[in-house]
Ligand code: FES
Ligand code: FES
């Protein structure tokens, strides 16, 4: 079947089965490989993208469920105010180690900051608990989110 979805502000038409996960469409059909495959079962967060600004797991989101909702991926999240702040803070704290989980981490953090400009520790725990990092970058992730939400960034 043919589906047209909006990805990073551009309408993209794809010819796939309706139960094809969005992750497969992004990576294999559209060639956008910044979004990663980890578990394929909504357990690791590596595949996180935004659907109308909310963080979702693209490995379990079927293409026929997207409709007119807007998809944002790691390739364009830096164009959003929250995404730009998160990416600057990630660089400043040199968060990534191997990097594999990091696009998903950034997408979850950007959705959090867009929703809550001054997140509490509990908010951060809640938003980030589904994103697993085998390299254990959790401390730097927390510091980077706090930097992105801090007064220095608010003045930009
Ligand atoms: S690949 Fe989607 S949550 Fe792990
Ligand atoms: S940086 Fe290696 S898995 Fe997170």
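Among the candidates 99, 104, 67, which residue alone is within 16 Å of ligand 2 (Cβ to nearest atom) and not in a helix (DSSP H, G or I)? The unique qualifying residue is 99. Looking across segment 115-126, just one residue is crowded, with 19+ Cβ neighbours inside 10 Å and within 11 Å of residue 148 (Cα to Cα), and that is 119.
In the set 71, 25, 14, only one residue is within 16 Å of ligand 1 (Cβ to nearest atom), in contact with a helix residue (DSSP H, G or I) (Cβ under 6 Å, 6 or more places away or on another chain) and over 26 Å from residue 135 (Cβ atoms); that residue is 25.
Evaluation of residue 37 against the conditions (1) within 17 Å of residue 127 (Cα to Cα); (2) within 14 Å of ligand 1 (Cβ to nearest atom); (3) in contact with a helix residue (DSSP H, G or I) (Cβ under 8 Å, 6 or more places away or on another chain) shows that the sole unmet condition is (1).
Scanning segment 49-64 for residues that are near ligand 1 (Cβ under 7 Å from one of its atoms) and in a strand (DSSP E or B) yields one hit, 57.
None of the figures in this text is laboratory data; all of them are computed from the coordinates on show. Remember, predicted model here, so these are calculated numbers, not experimental data. When we count neighbours, we look across all protein chains shown, and the Cβ atoms used for this are built from the backbone with ideal geometry, even at glycine.
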